[in-house]
Amino acid sequence: MTLLFGMIPGGPEMLVILLIVVLLFGANKLPQLARSSGQAMGEFKKGREEIERDIRESAHTESEAAVEESTA
């Protein structure tokens, strides 16, 4: 027995979600909605990568400082 709306949506669940989205936004606005969602996801990914880079750089700088202190 499978649940209709379990943890991960499958085929029938995705169809229901798509139908609700079409009813809420209308078929004409879907391409614009998808485009803006894609742009938002791209900005989120870019921000996450910048934060990860900053964390790596600060960890690298701190480890270099610790090595310099231990050799001094």
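The table that follows gives values for the structure above.
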{"quantity": "Filter result for Met7 (hydrophobic (A, V, I, L, M, F, W, C) and modelled with pLDDT under 85)", "calculated": "yes"}
{"quantity": "Only one of Glu57, Glu62 that is out of contact with any strand residue (DSSP E or B) (no Cβ under 8 Å at 6 or more places or on another chain) and modelled with pLDDT of 90 or more", "calculated": "Glu57"}
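The values are calculated or read from the model by the stated rules, or taken from the named source; none is laboratory data. Because the structure is predicted, anything quoted here is derived from the model rather than measured. For neighbour counting, all protein chains shown are included, and Cβ atoms are generated from backbone atoms with ideal geometry for every residue, glycine included.
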